[in-house]
Amino acid sequence: MRFRNNKKPPLMMDVTPLVDVVFLLLIFFMVTTTFSNDQGIKLDLPKADTAEKTGSNLQDNSIRAVVDSQGRYYIDNSEVMAEQLSSALLSAAKGKKDVLIHVQADKNSSHGSIVYLMDTARKLNLNRFSLVTLDQFSSESEK
């Protein structure tokens, strides 16, 4: 009588597909990840010896309006074209009329750019302004 040999060869796990999937996932995440090189808005705020210290935290009832040295406008850290300044201010105000607008203007920005920003806000009945200087927001002077 002849008995069969029931021994099966040892199972070996093939890791090649696993390595392929891991590399595909790695490539996928590298391609889809956005690398932000944005360091914030560069401003050289003017210095004022008599400025009141207000702290660096903006209140819920306030808007940060920035005019950089090239005359570009930013509302709450989003760049806005001059033609869209009204709609950006309205959406940032969220229907409130007692909003305080913190105007941060580079000391090399043109006077006309700042006046245009304030005039646009006043046309929307947003009449409360705070002109920000270096001493008021010393932690934000690099933004």
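The values are calculated or read from the model by the stated rules, or taken from the named source; none is laboratory data. The shown structure was predicted, so the numbers you read here are calculated from the model rather than taken from an experiment. A quick note on method: Cβ atoms are made from the backbone with ideal geometry, for glycine too, and the neighbour counts reach across all protein chains shown.
Observations on the model:
- Near pairs, Cβ below 8 angstrom, 6+ apart or cross-chain, from the stretch 57-83 (surrounded by fewer than 13 Cβ atoms within 10 Å (Cβ to Cβ)) to any residue that is modelled with pLDDT under 85 and assigned to a strand (DSSP E or B): none
- Selection count, the stretch 39-64, where residues are at pLDDT 85 or above and either assigned to a loop (DSSP other than H, G, I, E, B) or charged (D, E, K, R) (or both): 1
- Conditions (1) more than 25 Å from Arg122 (Cα to Cα); (2) modelled with pLDDT of 90 or more: number failed by Val67: (1)
- Some residue of the stretch 95-109 being of a type in the set (Asp, Glu), part of a loop (DSSP other than H, G, I, E, B) and modelled with pLDDT under 80: no
- Per this entry, Arg72 is counted among residues that are modelled with pLDDT of 75 or more, among the charged types (D, E, K, R) and more than 15 Å from Val132 (Cβ to Cβ).
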